[in-house]
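The values are calculated or read from the model by the stated rules, or taken from the named source; none is laboratory data. Everything numeric here is computed off the predicted structure, so don't read it as measured data. Cβ coordinates were reconstructed from backbone atoms using ideal geometry, including for glycine residues, and neighbour counts include every protein chain displayed. The area values use the complete protein model at the heavy-atom level, side chains included, leaving out ligands, DNA and RNA. Shrake-Rupley method; radii C 1.70, N 1.55, O 1.52, S 1.80 Å.
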Amino acid sequence: MNKKLFMYLIIILLIIIFLFVGWFVIKNHKNNKKINEYIPEEEISTKQLRMTNISLFFLNEENGEIGEEIRQIDSKELLNNPEEKLINYLIEGPKNEKLKKIIPENIKLINIEKNNGILLIEFSENISNLENYEKIKKAIIQTVSQLNEINNIKIINN
């Protein structure tokens, strides 16, 4: 009879061990699922997907040279007349405090045309007589040359 009781105790002990091991495996399996599951903090909006970086070139106040300002804009803005949009950004001026407008306040964009890779730009005043004409031209060229379809730029003077 002692042998029978001993066998029952062994069987009960084995059942308890198997139940404990099973419980431990199931618990760890559930915890692993939580670790592997990715929950994004926020969804990316369609507008965020459309954002693109552009480089605008203005006058650096510290050294008087051309400085770059990188702006993030909605790429939809560049679908129609991207050259005109970039020139208007130059006319509006920089958002960076270390840079200043290179195109004077009184000068406006009259017309802009693109023919066979040549960009013709017409301003309200003759800018070739301005003191910093070469820097204005350089800023315009560097800004607009980001567009692949532009091979040459000509500024039309009134």
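Along the charge dipole of the chain, Cβ charges K/R +1 and D/E -1, which of V144, S75, N60 sits furthest on the positive end?
S75
From the phi angles alone, apply the Karplus equation (6.51, -1.76, 1.60; θ = phi - 60°) to segment 100-115 and give each ³J(HN,Hα) in whole Hz, x where the residue is Gly or Pro.
Values, residue by residue: 9, 3, 9, 9, x, 4, 7, 8, 10, 7, 8, 8, 9, 9, 10, 10 Hz.
For segment 46-158, report the accessible area per residue in Å² (1.4 Å probe, heavy atoms, rounded to an integer).
Values: 6810 Å² over 113 residues.
Accessible area per residue, segment 46-158: 60 Å².
How large a share of the accessible area of the chain, in percent, is made up of carbon and sulfur atoms when the probe is 1.4 Å and the other protein chains stay in place? Don't jump to the answer; show the numbers that get you there.
Values: 6410 of 11820 Å².
The value for the chain is 54 percent carbon and sulfur by accessible area.
Show that you can apply the helix-only estimate: for the chain, add -39,500 (n - 2.57) for every DSSP H stretch of four or more residues, divide by all residues, and state [θ] at 222 nm to the nearest 500.
On the way: 4 runs with 63 residues, N = 158.
Result for the chain, helices only: -13000 deg cm²/dmol.
From the residues I153, P94, I10, which one has its Cα farthest along the dipole of the chain in the positive direction, the dipole being from +1 and -1 charges on Cβ of Lys/Arg and Asp/Glu about the Cα centre?
Checking the options against the dipole of the chain, the answer is I10.
Say we join alpha carbon atoms closer than 10 Å with springs in a Gaussian network model of the chain; which of I118, I17, I91 then has the biggest fluctuation?
I17
At 27 angstrom or more along the helix axis (alpha-carbon based) and mean Kyte-Doolittle of 0.0 or higher, what helices does the chain contain? Whole DSSP H runs only. Working shown, then result.
On the way: long enough: 2-36 (51 Å, 0.85).
Membrane-span-like by this rule: 2-36.
Using a 1.4 Å probe on the protein heavy atoms only, what accessible surface does T52 show? Give it in Å² to the nearest 10.
Its accessible surface works out to 50 Å², give or take rounding.
Go through (i) 11.0; (ii) 9.4; (iii) 17.5 and flag the label whose value is the computed mean projected area of the Cα convex hull in nm² for this structure.
It is the value labelled (iii).
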